[in-house]
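Participant: One structure coming up, written as structure tokens, with questions to follow.
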């Protein structure tokens, strides 16, 4: 395990070395860890520098979060200051990692599940110059982490893949469906998929994600 800007991570270096390789950052969900989405690494394109990051808040051994959740008080469901802190820290991590490894800053990918997807929305819609392709799996755009849209920002290069399970009991599919209209309104390229599944990634979801990555 390595660490940069206060964030620990696992990495798979590019199998094909380019002058400037693209970076993909895998961001896990609440109660998981960096090993979870790192299982994607073997199937990701050979030119990718793959990094799977660990949440900065420890919940229990091998269980981490990007922000705490209050399951009792739904009005304070998300710890907003922690979420914003994690969003900003991930942006600093991306800046530091691309510089340190001489990667292509114009071709940064995010792939987040659940909390990781929520933060991926927040990073892309607040700092669109930092990322290009964003996969949001079983998440939703959280207004508290995004804030007011700054229409002076250039969203034109962004490209989203969004997926959700219709039987998701953790994050309702109705929440997940909020992303597509927002992105359409901002003129952001996106594709939206639903699956007969719960809060997880079924094989068809995974295949569609890999297909999107290869054509993007």
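Computed from the coordinates by the stated procedures, all read-outs in this text should not be read as laboratory data. Computed from a predicted model, the values in this text were never measured in an experiment. Glycine gets a Cβ as well: all are built from the backbone with ideal geometry, and neighbour counts include every protein chain shown.
Participant: How would you rank 173, 51, going from fewest to most other Cβ atoms within 10 Å of each one's own Cβ?
Facilitator: Going from sparsest to densest Cβ surroundings: 173, 51.
Participant: If one computes the Cα centroid of the stretch 16-35 and of the stretch 129-179, what distance in Å separates the two points?
Facilitator: Centre-to-centre distance over Cα atoms comes out at 18 Å.
Participant: OK, next. From Cα pairs below 8 angstrom and at least 6 apart in sequence, can you work out the relative contact order of the stretch 2-215, rounded to a whole percent? Each step should come with its number before you reach the end.
Facilitator: Working: 446 pairs, mean separation 34.6, N = 214.
RCO, the stretch 2-215: 16 percent.
Participant: Can you tell me how much longer the chain between residue 154 and residue 41 gets when fully stretched, taken as 0.36 nm per residue apart minus their C-alpha distance, in nm with one decimal?
Facilitator: Values: separation 113, 0.36 × 113 = 40.68 nm, distance 3.00 nm.
Gain on extension, residue 154 to residue 41, equals 37.7 nm.
Participant: Could you please rank 138, 216, placing first whichever residue has the fewest other Cβ atoms within 10 Å of its Cβ?
Facilitator: 216, 138
Participant: If you work out P(r) over Cα pairs in 10 Å bins from 0, in percent from the coordinates, which of [x] 8, 34, 37, 18, 3, 0; [y] 8, 35, 37, 14, 4, 1; [z] 8, 37, 40, 14, 1, 0 do you get?
Facilitator: [z]
Participant: Roughly what % antiparallel, to the nearest 5, for the DSSP beta bridges in the chain?
Facilitator: Working: 12 of 39 bridges.
Bridges in the chain that DSSP calls antiparallel: roughly 30 percent.
Participant: If you don't mind, another one. Taking only Cα atoms and a 10 Å spring cutoff, compute GNM fluctuations for the chain and point out the largest among 116, 147, 198.
Facilitator: 147
Participant: Within 10 Å of each residue's Cβ, count the other Cβ atoms and sort 13, 132 from fewest upward.
Facilitator: Lowest count first: 13, 132.
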